[in-house]
Each structure stands twice: as C-alpha cells, then as structure tokens.
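To start, the structure under review is shown below, and the notes come after it.
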Amino acid sequence: MSTDTFPIAAIVYKPTDHIEPILIEAARALAGRGVRLGGVLQHDIPTTTADPCGMELEDLASGERIPLSQDLGSASEVCRLDPDALAQAAVAVRNALAGGAEVVFINKFGAQEAAGSGLRDEMGLAVASGIPVVTAVGERFLDEWQRFTGDASTLLPPESAAIMQWWETVQRATRAA
C-alpha cells in the first residue's frame, strides 16, 4: 500500500472482505483512547422479508442510528439507498466537523461518491478543514478514488491495526508541525 502518510486514508478492500467490522473496531479503539470521533459507519442488522437490506449508519458523534435503505414495500427483494439517509449522514459529518471531531470516519467511497455525490463533498470538506478522514474503497472504485484525492491519500490494507498505525503517524506529524 502507500508509503506516504496523508491525512486521508482509504482501506482498500475486495468484495470478500468484511470491511464494516474493521472500521468499527478501529473507531471504538480510538474512542477508547479519548479521540473525538465524527462521521458515520455502517452496521449490518438482521434482515427480514419486509427489509431485505438490513443496513443502518451510526453517527459516531451522537450514537444515533440512521436506516440506510428506503421501504419499497413487502414485495421488494432489492435494496434501495434512501436519499434522506444520505442527507442525514451528510449533516452528521458536517456537525462533527463543526463540533471539533479529531478524525472523521466515512463508511465508504462507493458508487455514489465515485459518481460525484454521496458523502464525497463531506470528505473533501473534512480534509480542507484539516481533519483527518478514514474511509474504505472497494478495489473497483480505486481509480475514481485516486482521481478524487489526486493520489494524495494513504492506502491501507483491511486491518484495524493499519488504521491505528496511520492515526499514530498522522498525530506525530501534526505535533511536529
């Protein structure tokens, strides 16, 4: 992965990697060290026939849970991203930036962000504000990610220890500046 350390890090993952628990583990470890977190992370929840998606976002600053899929009715067998959930997530990230978050987690740079929407603006705003960002990028979106960041991101393996090491390096660089 990257040898340079930038204040925006991306966990590069394959479709078979279970990235959400890795991000959650790292966020909990940082919170346990007293780091003020912001942003949103995805949790998979048990699914039912009425809700085949079973995903929600957790606002790391408030603990609030935001359902990620919209209700398409009991006959639906597909997931549909709820645009209101993305709007709530964007507000959560912006509130964290205004509230003094030391690091922002954004669940992933996925299809929405690769297309120029989703939480892409919030990622850029965090970095422009000087607040480090951690996200996950599927291998299929790596080219779009690198264009978005101008190749100025730290690419990490899907391991919570890699996030912790990145954070320590970012903190040392901040203290030295």
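Any read-out appearing in this document is the output of simple, stated calculations on the displayed coordinates, not a laboratory observation. The shown structure was predicted, so the numbers you read here are calculated from the model rather than taken from an experiment. Cβ coordinates were reconstructed from backbone atoms using ideal geometry, including for glycine residues, and neighbour counts include every protein chain displayed.
Against the chain, whose longest principal axis comes from its Cα atoms, helix 160-176 is set at around 40 degrees. Contact order for the chain, expressed relative to its length and based on alpha carbon pairs under 8 Å spaced 6+ residues apart, stands at 34 percent.
Projecting the Cα atoms of V127, G138, G39 onto the dipole axis of the chain, where Lys and Arg carry +1 and Asp and Glu carry -1 at the beta carbon, places V127 farthest toward the positive end. Take every DSSP beta bridge whose two residues both sit in the chain; close to 35 percent of them are antiparallel. One decimal place: the segment E64-T16 gains 14.5 nm when fully extended, by the rule 0.36 nm per residue minus the C-alpha distance. Listed values (1) 16.4; (2) 21.5; (3) 17.1 include one computed from this model; for Kirkwood radius over Cα pairs in Å that value carries the label (1).
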